[in-house]
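The values are calculated or read from the model by the stated rules, or taken from the named source; none is laboratory data. Treat the numbers as computed from the prediction; the structure is a model and nothing was measured. Cβ: placed from backbone, ideal geometry, glycine included. Neighbour counts: every protein chain shown.
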Amino acid sequence: MLVMNKLRIVGAVLVTVAAAAVISSCSDKRSTGIEYARNMYDPIAYNPDQPNKNFRNGQTAQTPPAHTMPVGFDEPETEYPNTLEGYETASKNMRNPVPASQANLEEGKMLFLRMCTQCHGLTGQGDGSIVAMGKFPAPPSYSKGNSSRGGAMRDLTDGKIFHTITYGVNLMGPHRYQLTPSERWKIVLYVHELQKLQ
């Protein structure tokens with residue numbers, strides 16, 4: 001008899017708790033319930049595109065100070081300047097420090113597919129998706145075209161390719177802030193493979 005009363009009491013408590021949970025969850029549809037650590041939901045930092053009264057120009061995203069380099073981008077900026085002379089000097093003096101291993105070549109291919117195919121195409125023939133839209137001229141083919149700076153594209157050296165990826169040329173923008181030097185050298189490895197295509 002005592003056991004039956006305890007079971008009824010426990011059952012009644014469980015039914016009461018369940019009913020309270022159902023009723024409380026249906027009361028206010030806009031309620032998010034109990035919030036833990038509210039400051040985690042409301043970020044303190046500004047988004048890059050938000051106005052920011054802390055800066056004179058009112059922008060959150062600021063241009064980096066002159067002569068600074070992001071972490072991991074430790075190449076000397078002035079060694080080969082963004083000039084035709086710098087391009088030619090880079091051609092003579094720069095050699096790819098990344099070994100031509102299968103792993104580096106595969107990573108170079110992956111980086112090329114992610115960063116370059118929109119213009120240069122999957123095989124470096126200058127038939128990328130942006131060119132197919134008809135709004136931009138095609139870049140020269142790595143295996144058949146001629147460089148706008150003179151010479152055949154298939155004869156481009158490590159230094160010329162690296163300099164071009166770093167600073168850009170014509171409609172191609174610079175990629176020095178999107179790709180680390182090591183990543184650029186891996187792309188150079190893969191571009192040499194594309195130069196061999198017929």
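Could you look through segment 114-138, keep only residues that are within 19 Å of Pro174 (Cβ to Cβ) and modelled with pLDDT of 90 or more, and pick out the one that is surrounded by the most Cβ atoms within 10 Å (Cβ to Cβ)?
Selected residue: His120.
I'd like to know if segment 50-61 contains one or more residues that are surrounded by fewer than 16 Cβ atoms within 10 Å (Cβ to Cβ), over 21 Å from the mean Cα position of the chain (by Cα) and aromatic (Phe, Trp, Tyr).
yes
Listed here are the residues, each with its yes/no results for (1) outside any helix (DSSP H, G or I); (2) within 18 Å of Ser91 (Cβ to Cβ).
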{"position": "Ser141", "(1), (2)": "yes, no"}
{"position": "His163", "(1), (2)": "no, yes"}
{"position": "Glu183", "(1), (2)": "no, no"}
{"position": "Ile187", "(1), (2)": "no, yes"}
{"position": "Val191", "(1), (2)": "no, yes"}
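Output the residues belonging to segment 94-124 that are touching a residue at least 60 places away in the same chain (Cβ under 8 Å) and either on the phi > 0 side of the Ramachandran plot or in a loop (DSSP other than H, G, I, E, B) (or both).
Met94, Arg95, Asn96, Pro97, Val98, Ala100, Cys116, Thr123, Gly124
Taking Leu111 as the residue in question, decide whether it is modelled with pLDDT of 90 or more, surrounded by 16 or more Cβ atoms within 10 Å (Cβ to Cβ), closer than 19 Å to Gly173 by Cα and touching a helix residue (DSSP H, G or I) at 6+ places or on another chain (Cβ under 6 Å).
Yes; evaluated as a whole, the condition is true for this residue.
Quick one: would you say Gln198 is out of contact with any helix residue (DSSP H, G or I) (no Cβ under 9 Å at 6 or more places or on another chain), modelled with pLDDT under 90 and more than 21 Å from Leu84 (Cβ to Cβ)? Reasoning before the result, please.
Working: out of contact with any helix residue (DSSP H, G or I) (no Cβ under 9 Å at 6 or more places or on another chain): yes; modelled with pLDDT under 90: yes; more than 21 Å from Leu84 (Cβ to Cβ): yes.
The answer is yes for Gln198.
Which residue is nearest to Arg114 (Cα to Cα), if the candidates are limited to segment 172-198 and must be aliphatic (A, V, I, L, M) and surrounded by fewer than 21 Cβ atoms within 10 Å (Cβ to Cβ)?
Within segment 172-198, the match that is nearest to Arg114 (Cα to Cα) is Leu179.
Evaluate the following for Gly168: is it in contact (Cβ under 8 Å) with a residue 40 or more places away in the chain, small (Gly, Ala, Ser) and either crowded, with 19+ Cβ neighbours inside 10 Å or closer than 27 Å to Pro70 by Cβ (or both)?
So Gly168 fails the test.
Which of (1) under 30 Å from Pro64 (Cα atoms); (2) crowded, with 16+ Cβ neighbours inside 10 Å; (3) in contact with a Pro (Cβ under 7 Å, 6 or more places away or on another chain) is the odd one out, the single condition Met153 does not satisfy?
Failed condition: (1).
Please determine, by comparing only the residues of segment 2-50 that are among the basic types (Lys, Arg) and part of a loop (DSSP other than H, G, I, E, B), which one is modelled with the highest pLDDT.
Arg30
In segment 67-90, which residue that is part of a loop (DSSP other than H, G, I, E, B) and modelled with pLDDT of 80 or more is nearest to Pro174 (Cα to Cα)?
Within segment 67-90, the match that is nearest to Pro174 (Cα to Cα) is Asn82.
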